[in-house]
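The structure appears below as structure tokens.
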Amino acid sequence: MEEVTCYIPRTLDEALEILSKDDCTILAGGSDLMVSHKRTIGVDPRFSKSVMIIRNLPEIRKIYTEGGECHIGAASTSSEIAENPLVPWHLRQAASRMGAVALRNSATIAGNIANASPKGDTPGPLYLLDARVKIRSAKESREEPVSDFIVKFREIDLKPGEMITEVVVPLSEDDFDYVFWHKVGTRKANAISKVTVSMALKFEDGGSVVRDFRVSATATGSKTNRSRDVENIIIGKEISEDLIEEVAEAFDGIISPRAMPEFRRETCRRCIRRFLSEAERRRAAGDRRKMIDTYDGYHMPGAPEVR
Ligand SMILES: Cc1cc2nc3c(=O)[nH]c(=O)nc-3n(C[C@H](O)[C@H](O)[C@H](O)COP(=O)(O)OP(=O)(O)OC[C@H]3O[C@@H](n4cnc5c(N)ncnc54)[C@H](O)[C@@H]3O)c2cc1C
């Protein structure tokens with residue numbers, strides 16, 4: 001039987017020290033790694049390098065707010081994120097709809113980011129909210145926007161000796177009047193997304209002019225798509241049918257032509273049309289309900305309402 005070294009550090013410093021000496025595989029929840037290293041039924045997965053299990057490091061399991069930002073420890077699980085009222089709504093939605101309960105109890109946010117799958121659920125909200133990752137090695141620490149850290153399909157900007165320690169999300173939610181998150185999967189639970197669209201919009205105080213608008217979509221290219229150029233089409237203007245169509249078409253333009261074109265494209269266009277027209281309808285009617293969701297009112301038990 002082949003053997004690999006398995007480290008289980010007790011502190012973050014110990015983990016970083018190990019990483020500086022041994023280029024080992026970081027294992028958090030293991031929900032991606034155990035699948036990618038599987039052999040066959042009933043046979044243990046095979047790892048070619050040493051493995052370091054980090055899921056129980058206390059320093060990277062905390063969720064707290066500081067300086068107008070939400071800090072989420074790298075080893076926080078989807079369940080912990082979904083249940084924590086400090087976490088912004090879009091991210092709680094995404095975390096609450098990942099896999100099934102057992103998976104959500106083990107899958108971590110850093111694992112979801114570092115896996116760099118375009119179908120990963122948390123990058124959509126993280127791109128939308130301008131989130132950053134904190135990265136540490138034994139000698140240095142640095143920060144990078146999640147949208148830069150994920151370079152492309154299965155490629156991240158992580159150097160040997162480094163690990164993600166925290167995800168930082170600016171708390172801009174109160175700046176949004178209307179929010180939207182919609183995941184299309186084969187089932188309502190335990191389904192990898194076919195496409196997920198996250199959106200948020202803010203009007204100028206008491207007015208009809210759009211102050212901020214954001215839209216991101218997963219599973220529509222080699223990584224999550226978001227473009228400030230597309231969003232700028234409607235920022236500073238009043239929502240009209242022509243502008244909605246312009247935004248929908250412009251977003252379509254940034255989606256990879258290889259991303260199963262028509263189904264994913266049409267879903268994104270429909271979501272954008274639905275969100276922008278409903279936001280304008282609610283604004284004109286004085287309807288302050290924030291959440292605009294195309295899931296026919298369906299929510300996973302325990303899924304968060306808007307704060
Ligand atoms: C049945 C099933 C259903 C699933 N459903 C969904 C779903 O609905 N939505 C979804 O998005 N995903 C889904 N996934 C994929 C997976 O669960 C997620 O990507 C999960 O978040 C991975 O986290 P983890 O902690 O298990 O990662 P691991 O498997 O432990 O690691 C994944 C990668 O991240 C790296 N890594 C982990 N932590 C760190 C760190 N701190 N610093 C640097 N690198 C790190 C690892 O080295 C590895 O390369 C599913 C998987 C399964 C098996």
### Task
Sticking with the crude label model, points 7 Å out along Cα→Cβ, report the distance from residue 192 to residue 62 in nm, one decimal please.
3.5 nm
### Task
Give the residues of the range 29-57 whose amide nitrogen is closer than 20 Å to a point set 7 Å from the Cα of residue 3 in the direction of its Cβ.
44-53
### Query
Summing -39500 (n - 2.57) over the DSSP H runs of n ≥ 4 in the chain and dividing by its residue number, what mean residue ellipticity at 222 nm do you reach, to the nearest 500 deg cm²/dmol?
-8000 deg cm²/dmol
### Placed amide H near residue 7: partners under 5 Å, 5+ positions off or other chain
51, 52, 53
### Task
Would you mind telling me which residue in 148, 23, 205 has the biggest mean-square fluctuation in a Gaussian network model of the chain, where springs connect alpha carbons within a distance under 10 angstrom?
205
### Query
Once phi is turned into ³J(HN,Hα) by the Karplus curve 6.51 cos²θ - 1.76 cosθ + 1.60 with θ = phi - 60°, what whole-Hz value does each residue of the range 226-236 show in order, with x for glycine and proline?
8, 9, 5, 4, 5, 5, 5, 4, 10, 5, x
### Task
Using the charge dipole of the range 6-170 (Lys, Arg: +1 at Cβ; Asp, Glu: -1 at Cβ; taken about the Cα centre), state which of 105, 58, 74 has its Cα farthest towards the positive end.
105
### Query
Which residues' amide hydrogens lie under 5 Å from the amide hydrogen of residue 220, considering only partners 5 or more residues apart or on another chain, with H built in the peptide plane?
225
### Query
What ranking of 231, 278, 3 emerges when the number of other C-beta atoms within 10 Å of each C-beta is taken as an exposure proxy, fewest first?
3, 278, 231
### Cα-based radius of gyration of the chain once divided by 2.2 N^0.38 Å, which approximates compact folds
1.03
### Task
Rank the residues 7, 178 as a footprinting-exposure proxy: fewest other Cβ atoms within 10 Å of their Cβ go first.
7, 178
### Query
Normalised by the residues of the range 6-170, what does the relative contact order come to in percent, with Cα pairs under 8 Å and at least six apart?
24 percent
### Message
What is the distance in Å between the Cα centroid of the range 61-80 and that of the range 104-172?
### Response
13 Å
### Stretch gain in nm, segment residue 263-residue 240, where the contour uses 0.36 nm per residue and the Cα spacing is subtracted
5.8 nm
### Crossing angle, helix 261-285 versus the chain [Cα axis fit, 0-90 degrees, rounded to tens]
50 degrees
### Query
When DSSP assigns beta bridges and you keep just the ones with both residues in the chain, what percent turn out antiparallel, to the nearest 5?
85 percent
### Query
Among 73, 185, 286, which one shows the biggest mean-square fluctuation in a GNM of the chain, springs joining Cα atoms closer than 10 Å?
286
### Karplus-derived HN-Hα couplings along the range 68-83 (A = 6.51, B = -1.76, C = 1.60, θ = phi - 60°), whole Hz, x at Gly and Pro
x, 9, 9, 9, 10, x, 4, 9, 5, 8, 4, 4, 4, 6, 4, 8
### Residues of the range 230-253 with amide N under 11 Å of the 7 Å Cα→Cβ point at residue 204
236-238
### Query
What is the dipole size for the chain, taken about its Cα centre, with +1 at each Lys and Arg Cβ and -1 at each Asp and Glu Cβ, in debye to the nearest 20?
960 debye
### Message
If neighbour count is taken as other Cβ atoms inside 10 Å, put 292, 72, 8 in order from fewest to most.
### Response
8, 292, 72
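Read the figures in this text as sums done on the coordinates, not as results from a lab. Every value quoted in this text rests on a predicted model; they were computed, and no experiment measured them. Counting neighbours? That spans all protein chains shown, and the Cβs are built from the backbone with ideal geometry, glycine included.
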